[in-house]
């Protein structure tokens, strides 16, 4: 457990790192997410004050400085900042320097909506001297919430389910098509023939009991071998086959016809299908975010309509349950329709992802004499439980830690129950615990240690999900499907679900090599490997995974160890998630990002698992190596730019779904590679970022902030590893998972690194071109890199970074960017601008400096 000297319980906002530099960017974004359509705060129900600059936002969420009263907006020049760096320190990017004189005077800060006013004089804009609008003390005027229209037409009569399944194949060149299947023992001699339809396709109608059946087509006497990757499959007797999924026609079912949301309401139409045995659906109940709402049910047609308005911003999932007159529920249990009420439609590419190791993030009971869960005896502290919990994460969220960073996606380390004992580490020299979460012992149980004295883990996790969704934050659950711990209930009850003998993975040549036998080697002898060629475990795991989604309203998954699993489980996962939750309309996409640990040339292996029918994207390991080479080892920016271009070519249309990163939980910390590249994973060297602010610290800050500026302005969904915003120390695993630091115990060096990271994250949030624009190289040499993110329509961001001596040069700006005569503003908040004239822009940039500009 952490001592009070290093881990606060709940830090008041006033004691956190100064956020003056962030306020203008928040206002630039117009993020009044707490103000719902009815003027109610989603978390507390309290009335909120209007944002005085909200009228300055255009339809795309950008600030229009020409609108009345908007000249005082900080994004229109209404605020400026200077570096906190001492004048005699080493060169640093800070906020970028200018040729104008600077001042040590503090920057005035305009008021923020929702922050209580004081008796201090009304602030004025430092640029225009116009009064900054104050927050009205009266309640906001009433608003009218328009619930989205539902236009789906009802059928003339109730839809009754059919017990007939149809298999179909498009094979225009075949003269005969038959089918061999599990229900007839794959006997070619009795293979039934398919009929040809009017459209030239082949089909077979068949009545089978509910279940899943493997089959293959036989075209002109030849059994098909290569199966299409976009169809459900299963294994039978060592062979992969197509999978015919026969559902239970004697249970009621439902289909979502339309799902709509806007900035204050949600609505959906659902068509109930009656059981084939003549029963009738009689009871329908609907909830929105767990609260019963009115719904209409037309028994004559089976059409259900659900509407809810005056909702605060956040996630408002519709759940519909129904039973027939025989007391039977829907076959899937419920209809689950996730919907978001937001001022603008959010996509995953808008997000900045943040990886949290829950046990190492924040301990809400650090000063408790009787905390929930204690360390395991005999295990080194760095590999033991340290007490991080859900309430600690909630405390940080409520202090705006993630919002200040521009983070709106949280990838949580595995949250399932893990063993309490001690086990060998991979080096066989030390002991380890399951503090990391990757050794599940239960399929659906939460780690009890993540609760606290006042609330258990389940209660706290539900609170965390609600708070996250109120704030517009999406939650990714880390899903471990490749293996379980030997104490898992499935190991005890179903030993046949696992590969037969332990074959511990190794980098050495042989039958247990990580790369040559990834599907069957075990990570450790106490981590049995699931055999997804046994279809029973596929079905069970899918049921478990879907349970987590509907039970806690999750938004996406990070899939651990993708390359170590058979494609059958990932494709079935995508199939079922799309079937159950992909209703189209305004329902969000359920994001699945995989982890395939590979080398710099591993693009092909990564793409083996990326497709519309499998994973959306993966973490961009191939880009990790040139990032670290460029910013840690003084490698050439030319090589880095080449690797970015090569990756874009290899990933193609999947590029926006990839996740670039410069640090994670499986590799030495970025800061450690700078200052202590040879440090031991078990010795725990002192963190230099806690030891003053000298040359060593500036070196770490400069290199890390440049890497952050690069990574967080790349295409895709960038990842920030917890602690990297502070340049947290840590050698290899487990040292790279040290306890997080917070105010009031941050050092000056950590505060400077945090300030920079927040600025970069807010710049990304402030300009859509940094999230959606295409990457385009403008200038590159060994030490200077300049590139654009071009969204089209004149929305462009330009990023420049220099790790050599000061440079002054004209940067060619392609005509097709449409920037001639345009002046771009500094998204990091300084008055520095970039003017484009006659196809060029003059750039003056210091050593270890980065600048991020964007079109107004």
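Every number in this text was worked out from the coordinates using simple rules, so none of it is lab data. All of these numbers come straight from a predicted model, not from anything done at the bench. Using ideal geometry, Cβ is built from the backbone for each residue, glycine included, and neighbour counts are taken over all protein chains shown.
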Inset, instruction - Taking 7 Å along the Cα-to-C-beta vector as the label spot, tell me the residue 203-residue 493 distance in nanometres, rounded to one decimal. - result: 4.0
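In terms of the ratio Rg/(2.2 N^0.38 Å) built on C-alpha atoms, what value belongs to the range 350-769? Can you show the working numbers first?
Details: Rg = 20.6 Å, N = 420, 2.2 N^0.38 = 21.8 Å.
In units of the globular-protein estimate, the range 350-769 measures up at 0.94.
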Legend entry - Residues in the range 520-534 that a label on residue 231 would reach, taking backbone N under 15 Å of a point 7 Å out along Cα→Cβ: none
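For the range 396-529, report the translational diffusion coefficient in µm²/s to the nearest whole number, using Stokes-Einstein at 10 °C, 1.306 mPa s, and a Kirkwood Rh over Cα pairs.
93
Taking neighbour counts of Cβ atoms within 10 Å as a proxy for exposure, in what order, fewest first, do 658, 397, 353 appear?
Numbers: 658 29, 397 20, 353 25.
Sorted ascending by nearby Cβ count, the order is 397, 353, 658.
Dividing the Cα radius of gyration by the Kirkwood radius, what Rg/Rh value follows for the range 770-854?
Working: Rg = 11.9 Å, Rh = 12.8 Å.
Over the Cα atoms of the range 770-854, Rg/Rh equals 0.93.
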Legend entry - Calculated FRET value between residue 638 and residue 156, using beta carbons and R₀ = 56 Å, to 0.05: 0.25
Inset, instruction - Could you work out the relative contact order of the range 319-431, using alpha carbon pairs under 8 angstrom and six or more residues apart, expressed as a whole percent? - result: 28
Legend entry - Cα-Cα pairs of the range 184-336 separated by more than 24 Å (percent): 53
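Per 0.36 nm of contour for each residue apart, how much would the distance between residue 458 and residue 173 grow if the chain were fully extended, relative to their Cα-Cα spacing? List each step's numbers first, then the result.
Numbers: separation 285, 0.36 × 285 = 102.60 nm, distance 5.68 nm.
Additional length available on full extension: 96.9 nm.
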Inset, instruction - Once every Cα of the range 164-246 carries one equal point scatterer and solvent is ignored, give the base-10 log of I(q)/I(0) from the Debye formula at q = 0.15 Å⁻¹, two decimals. - result: -0.50
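Under 8 Å for C-alpha pairs, at least 6 residues apart: give me the relative contact order for the range 159-228, rounded to a whole percent. Provide the component values of the computation, followed by the final result.
Details: 101 pairs, mean separation 27.6, N = 70.
Relative contact order here is 39 percent.
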Legend entry - Part-to-part distance (alpha-carbon centres) for the range 284-331 and the range 555-593, which is given in Å: 25
Legend entry - Debye intensity ratio I(q)/I(0), log10, the range 599-725, q values 0.18, 0.19, 0.20 Å⁻¹ (C-alpha model): -0.97, -1.06, -1.14
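What is the order of 212, 294, fewest Cβ neighbours within 10 Å to most?
On the way: 212 17, 294 9.
The order, fewest Cβ neighbours first, is 294, 212.
What is the gain in length, in nm to one decimal, between residue 299 and residue 629 on full extension, counting 0.36 nm per residue of separation less the C-alpha to C-alpha distance? Before the final figure, lay out each step's value.
Details: separation 330, 0.36 × 330 = 118.80 nm, distance 6.56 nm.
This chain segment gains 112.2 nm when fully extended.
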Inset, instruction - Report the percentage of all Cα-Cα pairs in the range 244-328 whose separation exceeds 18 Å, rounded to a whole percent. - result: 45
Inset, instruction - At q = 0.28, 0.30 Å⁻¹, work out log10 I(q)/I(0) for the range 380-440 with the Debye formula, treating every Cα as an identical point scatterer and leaving solvent out; two decimals please. - result: -1.18, -1.27
Inset, instruction - Please order 496, 331 by the number of other Cβ within 10 Å, starting at the fewest. - result: 496, 331
